[in-house]
Ligand SMILES: Cc1cc2nc3c(=O)[nH]c(=O)nc-3n(C[C@H](O)[C@H](O)[C@H](O)COP(=O)(O)OP(=O)(O)OC[C@H]3O[C@@H](n4cnc5c(N)ncnc54)[C@H](O)[C@@H]3O)c2cc1C
């Protein structure tokens, strides 16, 4: 890296998705010279724009887990932020449906888990039959604090906050390598606009690179043992005539919250996401999976037919092998501090403002 131009900064954040931007925004009050780099030409082009845009209530995650803590705190902060900034949201609530006795038991454990985690507004509500006669279910658990929001405006608002507070965003700049020297982390970056390479030297490095975060963690921390597992989720758009005012979820499965029906702020309905492990990042929909998809939806909405569903989009969960929770891996080597944000899948949008505070508290 010796012949390349070198720049020194106080703090460098890698990744311009919701996690990197929320962290950078929070850190901007601690550092005068803080940069965020994003390899795409615009912020939030990857997982942060390929999801359900649901504000999760925090009922599924194990008590004491990072997901539980950040989701509950993040939900409150998010609703407050959206209200203050006049960003569109709808606290529409969601129903989780069981279809048999076994699923009803799971529903009950979600209810109990919610209570243990401090979510005390869940109720059983079987009035759905009159509201949505086309749904088939045994029991319905209602979560009134679940909602939907305009996540794009939210992320752009956070990025404006960061820049107003003095932060700098470099778009189209990709981290190629990270080395440690006596001066700090030497981060090799390629400006994709010009193909020029340069080095940024920093004592504080935050890796919030989403699907690429484990790869960067390997460069930052030689002892990294976390391994990624990408789980793809596909969405289909509903073309039928029924309307929903709430979100409808099936009972969750081992890998996902289930193929739910989500309304958007324009009252359209989409179904998804499915969940299957993939080796590479390819956002095309595998249409051969559509019949399985349809079957899952029909388990609670039997009248839906293949022609009611048109292909939508997909997202990929940046999961970690064998670990259900978010991981914030941080450490100090000499005077240098690093933070790797790993496994930051759902409920990552909901948790983002709380994540920013959590990471900021780790950094001196
Ligand atoms: C199918 C699906 C549904 C979801 N639904 C919800 C939901 O309803 N509610 C909710 O709360 N959460 C949901 N989530 C989770 C949420 O979307 C994610 O937790 C969140 O968007 C992750 O943000 P991120 O910033 O960590 O990652 P990303 O958005 O992927 O951002 C990482 C950024 O890092 C950049 N980057 C990577 N490598 C480099 C490099 N070498 N140099 C420079 N930049 C780099 C990428 O270009 C990218 O922009 C869902 C996730 C999925 C997959």
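See the values below:
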read-out: Count of region 329-364 residues which are crowded, with 19+ Cβ neighbours inside 10 Å and either within 13 Å of the ligand (Cβ to nearest atom) or closer than 13 Å to residue 69 by Cβ (or both); value: 20
read-out: Number of the condition not met by residue 279 [criteria: (1) over 13 Å from residue 54 (Cβ atoms); (2) away from the ligand (no atom under 12 Å from the Cβ); (3) in contact with a strand residue (DSSP E or B) (Cβ under 6 Å, 6 or more places away or on another chain)]; value: (3)
read-out: Residue identified as within 13 Å of the ligand (Cβ to nearest atom) and either part of a strand (DSSP E or B) or outside the structural domain of residue 157 (by TED's automatic domain parsing) (or both) among 69, 75, 80; value: 75
read-out: Close pairs (6 angstrom Cβ cut-off, 6 or more residues apart or separate chains): under 13 Å from residue 194 (Cα atoms) in region 166-178, near the ligand (Cβ under 7 Å from one of its atoms) and part of a loop (DSSP other than H, G, I, E, B) anywhere; value: 174/39
read-out: Selection within region 279-295 - surrounded by 12 or more Cβ atoms within 10 Å (Cβ to Cβ) and within 12 Å of residue 236 (Cα to Cα); value: 285, 286, 289, 290, 293, 294
read-out: Residue match in region 189-197 (condition: more than 30 Å from residue 100 (Cβ to Cβ) and touching a helix residue (DSSP H, G or I) at 6+ places or on another chain (Cβ under 7 Å)); value: no
read-out: Selection from region 195-216 of residues that are modelled with pLDDT of 95 or more and not in a strand (DSSP E or B); value: 196, 208, 209, 210, 211, 212, 213, 214, 215, 216
read-out: Search result, residues across region 12-34 that are in a strand (DSSP E or B) and either at positive phi or within 15 Å of the ligand (Cβ to nearest atom) (or both); value: 12, 13, 14
read-out: Qualifying residue in region 35-55 (condition: surrounded by 22 or more Cβ atoms within 10 Å (Cβ to Cβ), touching a residue at least 60 places away in the same chain (Cβ under 8 Å) and away from the ligand (no atom under 13 Å from the Cβ)); value: no
read-out: Evaluation of residue 191 against (1) within 18 Å of the chain's Cα centre (by Cα); (2) at negative phi; (3) within 12 Å of the ligand (Cβ to nearest atom) (one fails), failing number; value: (1)
read-out: Single unsatisfied condition, residue 306 versus (1) surrounded by fewer than 17 Cβ atoms within 10 Å (Cβ to Cβ); (2) out of contact with any helix residue (DSSP H, G or I) (no Cβ under 6 Å at 6 or more places or on another chain); (3) farther than 20 Å from residue 16 by Cβ; value: (2)
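Condition check ((1) modelled with pLDDT under 95; (2) assigned to a strand (DSSP E or B); (3) crowded, with 21+ Cβ neighbours inside 10 Å) across all residues:
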{"residue": "152", "(1), (2), (3)": "no, no, no"}
{"residue": "159", "(1), (2), (3)": "no, no, yes"}
{"residue": "176", "(1), (2), (3)": "no, yes, no"}
{"residue": "180", "(1), (2), (3)": "yes, yes, no"}
{"residue": "218", "(1), (2), (3)": "no, no, no"}
{"residue": "229", "(1), (2), (3)": "no, yes, no"}
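The values are calculated or read from the model by the stated rules, or taken from the named source; none is laboratory data. All of these numbers come straight from a predicted model, not from anything done at the bench. Reconstructed Cβ throughout: ideal geometry from the backbone, glycine too, with neighbour counts over all protein chains shown.
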